[in-house]
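Novice: Quick one: the structure is below, questions incoming.
The values are calculated or read from the model by the stated rules, or taken from the named source; none is laboratory data. If you're wondering where the values come from, they're calculated on a predicted model, not measured in any experiment. Positions of Cβ are backbone-derived with ideal geometry, glycine not excepted, and every protein chain shown enters the neighbour counts. Accessible surface areas use protein heavy atoms only, side chains included; no ligands, DNA or RNA. Shrake-Rupley method; radii C 1.70, N 1.55, O 1.52, S 1.80 Å.
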Amino acid sequence: MTDPPRRVTDSQGRVTEWGDYPPAWEADVVVADGGTLHLRPLTPADAEALVAFHAGLSIRTRYLRYFSAYPTIPRRDLIRFTHVDHVDRVALAAWLGREVVAVGRFDRLPGADPATPGQRAEVAFVVADAHQGRGIGSVLLEHLAEIARELGITRFEALVLAENTAMMRVFLDAGYQPSRHLEGNEVTLEFDIAATELTEKVIRERELRADASSVRRLLYPRSVAVIGASADPAKIGHLVVRNLQRSGFTGPIYPVNPAARSVSSTLAYPSIADVPGEVDLAVLAIPAAEVGEVVRQCGARGVRGLVVMSAGFGESGTDEARADGARAQRELVSEARAHGMRVVGPNCLGLLNTDSRVALNASLAPVAPLPGRVGFFCQSGALGVAVLGEAARRGLGVSSFVSAGNRADVSGNDLLQYWEADPATEIALLYLESFGNPRKFARIARRFARHKPIVAVKSGRGSMVAGLQHTSVEVPEASVQALFEASGVIRTETLAELFDVALLLVTQPLPEGNRVAVVGHSTALGVLVLDALATAGMGLARLVDVGVDASAADFGIALREALAAPDVDAVVTIFVPPVHRGQEIAVAEEMRNAVAGQQKPVLSTFLGFDGVLTALAAPGPLAPMRGSIPSYSSPERAVTALAHVTRYARWRGRDAGPPPELAEVDAVAAREFVARLLAAEPAGRWLEPAEARTLLGAYGIDVVAAEPADSVAAAVRAAERLGWPVALKAPGAVRLHLRGPSDIDEAWLSLGLAEHAEVIVQRMASRGVDTVLRVHDDRSFGSLMSFGVGGLATDLLNDRAYAVVPLTPLDAADLIRGPKAFPLLTGYGGGEPADIPALTEVALRLSRLADELPEVVECALEPMVAAAAGAHVLVARVRIAPPITRNDVGARRLRGL
């Protein structure tokens, strides 16, 4: 029994015929303890490895899997286990290096009609004793269920011994709803394997924990080997050893260099194989050509994680050199993952962890940062040094820091997963030069930012950074901005601005609104604050000038009064002593005492200082402590930081809710309609106007009726069917409000049309403002919607608002109000106000269409007339194409190489 031949295209564009070996099923995965494994289908060539795997199983494990002692695999069973057709019989093995550590399989069960492939399958797993409890069974189930759904299987059955509670928990905890039937000491579990909101939630929660564990293994090593350690102080390998020693790393340090007996007064070893103890982390500071072999040695030695500082992996050189470097980088990561290791780098600065329990500085940073509550991720090594130096200068401590270089494996997404659950990290700072998996970033960031802020600088707007082309995808600037806004990410333009925002977030509470009080002793500086507030869209609640002769007590009284005022959400203070020098400490103490215990943020321009002055710092072990007052060198920078934080607080505080239920939507009909079109033309195409009208109509979006005509008589007949008045549209020209046959005849003549000419006759819509609503599928990012008021000025100035699909009602309202030309829709200049709720509803309906039909890759409602009553779509252009394979949903897998 076999399926008819079918094809699948994976995320890399590889096409597989069912029945052939399916490379799309291969995956690198992270399991519960943070280690990695490689999953791939079993083949006949794996027979020897499968026999060795079985021989290593305990008697108990074999009994629980096979219901008997089953000491060896008979030859006929071995052939059956390894000769699978990848259609009716599927088997996946989890590999660690060259050893199988787990096997999961399913066999399709016969259907009611022998000629029809069955939709049920029997599933089973077995995990090596040494690897039980690592969550491998759960990962195998995710992948087997995903494969089974692709093959048309809808239901799994599993026969389990009643005493095998661990295996039953694999099925019960996966989010499925199994039925159980007990017969003797055997339990039969049956369950549908459809992907549901619950199963996806379970997968994502497990992914979070596993990714966090994999990063924790890197940041909390019990021992570190530095491969390429050198006695030469000018070499990178020497600097890494010295930094580990200076930071007070709490575990053993193993320099590895075949030509050195010791490095920095520490005994050295010829190779990683000669190191006497266990090695959790290996730092590689060796030529790129040697990295591959050393990674294999580390895998054989049982190293748990790698930091590859070596350059030469496609960052520079000729096109051929870049291609060779990229290939070597893929091989490096593939080998590391296959042996259970995650990789930071290559071409990176390294990583740090200021937790006193580890005190890790496995980096090239000459000075370890102060301990604090900020996690920092960047890609560039040189930038990382500058970042840590600036953080130290401003008194901003970090919890952990990772410079990922080429970001071949560990990425910002992994660090966000770790920091989300890390109690030592309250804020994430990101310097991003590219995105590896923007869809996943959006999902993680949105969840993270609900309870911890993310501040990011995104560089490289004009081009891809060298060395990142092979692990990155291009994301248009509009998509980046929409991604950040939808995810609650605070985006800053510069690193200086990033630090400004971070200092405020780490020291002060979030504001409840945008009403700001200004307390100072300089009217001129106060005016600068007012200008900055106006520019940033903030409101002035009160301006308090205590005068140049004010005492420290006067400052304290004014600040307390401002904080107590119910119409104040935040306070900006200004102190630049013109005459009474020597008051600085007293004023700072008054300010700090006034702020203590307050739930409103206070920030200052104090002596033009950037950071946290000692006199303004709250006491404690971290830098800086909450309750400290951040200072900025200018009022404008203080207000800009406050505006960023205020917008974030508003985003975090609002309950956007889920996308709404909409009446008059027939998603099933729309899906079937698109499927028929793609079956006829698999590559996709632009829809004809009538087809676009049908598709949009299924989602309750009406396109104003129109008909083609090729003569005056045909135009008159069309107008009578549509209903007068009508518009006559010819190439490059249009005539409106035609109310009868004579108007059409006159319009035909005035347009200079031939006796037989192709025109469109369209029923007139109500008068209003032309707008444009578009949605397009960014193949790497997802569906993005834009809205703007029609006209050349809008196109010239790119005055459009953007939002990420799917939209909630709040998202849709923000989208419609987003363009600077929005006042034209509210009666600006004497016009009649448009029906804003109607525009919002069309946006919600188009959002749902784009979300539910990924085959719709582009749709433009242009123009859509925003009238006093209703929103009328005059022209709709729709393009369909086969949907891409999503890499951010479904079974867990690491980014492809």
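Yes or no, residue by residue, for (1) modelled with pLDDT of 95 or more; (2) out of contact with any Asp or Glu (no Cβ under 7 Å at 6 or more places or on another chain):
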{"residue": "S400", "(1), (2)": "yes, yes"}
{"residue": "D409", "(1), (2)": "yes, yes"}
{"residue": "D414", "(1), (2)": "yes, no"}
{"residue": "F435", "(1), (2)": "no, yes"}
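Novice: Another one. Every residue in the range 693-703 that is farther than 15 Å from R676 by Cα, in a helix (DSSP H, G or I) and either among the acidic types (D, E) or open to solvent by 20 Å² or more (accessible area, probe 1.4 Å) (or both), please.
Specialist: R693, G697
Novice: Also, I was wondering about something else. Restricting the range 276-293 to residues that are within 39 Å of the chain's Cα centre (by Cα) and part of a loop (DSSP other than H, G, I, E, B), which is farthest from V333 (Cα to Cα)?
Specialist: G277
Novice: Quick check on this structure: which one of A843, A850 is among the small types (G, A, S), within 31 Å of the chain's Cα centre (by Cα), open to solvent by less than 40 Å² (accessible area, probe 1.4 Å) and farther than 27 Å from R767 by Cα?
Specialist: A850
Novice: Test R296 against the stated conditions and say whether it is in a helix (DSSP H, G or I), at pLDDT 95 or above, more than 27 Å from the chain's Cα centre (by Cα) and of a type outside the set (A, V, I, L, M).
Specialist: yes
Novice: Which residue is farthest from R337 (Cα to Cα), if the candidates are limited to the range 392-443 and must be out of contact with any helix residue (DSSP H, G or I) (no Cβ under 6 Å at 6 or more places or on another chain) and among the acidic types (D, E)?
Specialist: E426
Novice: Can you tell me which condition Y254 does not meet? The list is (1) within 27 Å of S400 (Cα to Cα); (2) in contact (Cβ under 8 Å) with a residue 60 or more places away in the chain, and all the others hold.
Specialist: The failed condition is (2).
Novice: Still on this structure, I have one more. Out of the range 180-189, which residues are farther than 26 Å from E205 by Cα and open to solvent by less than 40 Å² (accessible area, probe 1.4 Å)?
Specialist: Those that are farther than 26 Å from E205 by Cα and open to solvent by less than 40 Å² (accessible area, probe 1.4 Å): V187, T188.
Novice: Looking at the range 607-654, which of the residues that are outside any helix (DSSP H, G or I) and without any contact (Cβ under 8 Å) to a residue 12 or more places away in the chain is least open to solvent (accessible area, probe 1.4 Å)?
Specialist: G620
Novice: Please enumerate the residues belonging to the range 334-347 that are on the phi < 0 side of the Ramachandran plot and open to solvent by less than 10 Å² (accessible area, probe 1.4 Å).
Specialist: A336, R337, M341, R342, V343, V344, P346
Novice: Quick check on my filter: what residues within the range 548-569 are open to solvent by 60 Å² or more (accessible area, probe 1.4 Å) and farther than 17 Å from L603 by Cα?
Specialist: V548, D549, D554, P566
Novice: Could you tell me whether any residue of the range 303-317 is aliphatic (A, V, I, L, M), in a helix (DSSP H, G or I) and open to solvent by 20 Å² or more (accessible area, probe 1.4 Å)?
Specialist: Checked against the condition, which is being aliphatic (A, V, I, L, M), in a helix (DSSP H, G or I) and open to solvent by 20 Å² or more (accessible area, probe 1.4 Å), the range 303-317 yields no hits at all.
Novice: Which condition from (1) in contact with a Gly (Cβ under 8 Å, 6 or more places away or on another chain); (2) open to solvent by 10 Å² or more (accessible area, probe 1.4 Å); (3) not aromatic (F, W, Y); (4) not in a strand (DSSP E or B) is the one that R407 breaks?
Specialist: (2)
Novice: Now, a different point. Within the range 254-268, track down each residue that is surrounded by fewer than 20 Cβ atoms within 10 Å (Cβ to Cβ) and either in a strand (DSSP E or B) or touching a strand residue (DSSP E or B) at 6+ places or on another chain (Cβ under 6 Å) (or both).
Specialist: S262, T266, L267
Novice: Going residue by residue through the range 77-94, is there one that turns out to be polar (S, T, N, Q) and closer than 15 Å to D129 by Cα?
Specialist: No, the conditions are met nowhere in the range 77-94.
Novice: Let me ask another. Has the range 198-205 got any residue that is in contact with a Leu (Cβ under 7 Å, 6 or more places away or on another chain), in a helix (DSSP H, G or I), touching a residue at least 60 places away in the same chain (Cβ under 8 Å) and open to solvent by 10 Å² or more (accessible area, probe 1.4 Å)?
Specialist: no
Conditions tested, residue by residue: (1) open to solvent by 10 Å² or more (accessible area, probe 1.4 Å); (2) in contact with a Cys (Cβ under 8 Å, 6 or more places away or on another chain); (3) under 29 Å from H451 (Cβ atoms).
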| site | (1), (2), (3) |
| --- | --- |
| Q329 | no, no, no |
| L332 | no, no, no |
| D355 | yes, no, yes |
| P366 | yes, no, no |
| R373 | yes, no, yes |
| V398 | no, no, yes |
| I427 | no, no, yes |
| Y431 | yes, yes, yes |
| R439 | yes, no, yes |
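Novice: Is it the case that D795 is open to solvent by 30 Å² or more (accessible area, probe 1.4 Å), modelled with pLDDT under 90 and in contact with a Gly (Cβ under 9 Å, 6 or more places away or on another chain)? It would help to see each step written out before you state the result.
Specialist: Numbers: open to solvent by 30 Å² or more (accessible area, probe 1.4 Å): yes; modelled with pLDDT under 90: yes; in contact with a Gly (Cβ under 9 Å, 6 or more places away or on another chain): yes.
Judged against the criteria, D795 is a match.
Novice: Scan the range 206-249 residue by residue and report those that are assigned to a loop (DSSP other than H, G, I, E, B) and in contact with a strand residue (DSSP E or B) (Cβ under 8 Å, 6 or more places away or on another chain). Even if it seems obvious, please write down each step before you answer.
Specialist: Initially, the range 206-249 is screened for residues assigned to a loop (DSSP other than H, G, I, E, B), giving 220-223, 228-235, 248-249.
Those that are assigned to a loop (DSSP other than H, G, I, E, B) and in contact with a strand residue (DSSP E or B) (Cβ under 8 Å, 6 or more places away or on another chain): Y220, P221, S223, G228, A229, S230, A231, F249.
Novice: Still on this structure: Report whether or not R296 is closer than 29 Å to V385 by Cβ, open to solvent by 10 Å² or more (accessible area, probe 1.4 Å), among the charged types (D, E, K, R) and touching a residue at least 12 places away in the same chain (Cβ under 8 Å).
Specialist: Considered against the rule, which asks whether it is closer than 29 Å to V385 by Cβ, open to solvent by 10 Å² or more (accessible area, probe 1.4 Å), among the charged types (D, E, K, R) and touching a residue at least 12 places away in the same chain (Cβ under 8 Å), R296 comes out as no.
Novice: What's the number of the condition V374 fails, among (1) under 17 Å from L239 (Cβ atoms); (2) within 29 Å of the chain's Cα centre (by Cα)?
Specialist: (1)
Novice: Of the residues that make up the range 56-69, is at least one touching a Leu at 6+ places or on another chain (Cβ under 7 Å), open to solvent by less than 60 Å² (accessible area, probe 1.4 Å), over 23 Å from M167 (Cα atoms) and part of a helix (DSSP H, G or I)?
Specialist: No - not one qualifying residue is present in the range 56-69.
Novice: Among the residues of the range 704-729, write down those that are open to solvent by 50 Å² or more (accessible area, probe 1.4 Å) and either closer than 10 Å to I760 by Cα or not hydrophobic (A, V, I, L, M, F, W, C) (or both).
Specialist: Listed by number, the residues that qualify are P708, D710, R717, E720, R721, K729.
Novice: Additional query: In this structure, does L861 turn out to be part of a strand (DSSP E or B), modelled with pLDDT of 95 or more, of a type outside the set (V, I, T) and surrounded by 18 or more Cβ atoms within 10 Å (Cβ to Cβ)? Quick ask: steps written out before the conclusion?
Specialist: Values: part of a strand (DSSP E or B): yes; modelled with pLDDT of 95 or more: yes; of a type outside the set (V, I, T): yes; surrounded by 18 or more Cβ atoms within 10 Å (Cβ to Cβ): yes.
Yes: the conditions hold for L861.
Novice: Considering (1) of a type in the set (G, A, S); (2) surrounded by fewer than 14 Cβ atoms within 10 Å (Cβ to Cβ); (3) over 25 Å from A866 (Cβ atoms), say which one A690 fails and leave the rest.
Specialist: So the condition that A690 fails would be (3).
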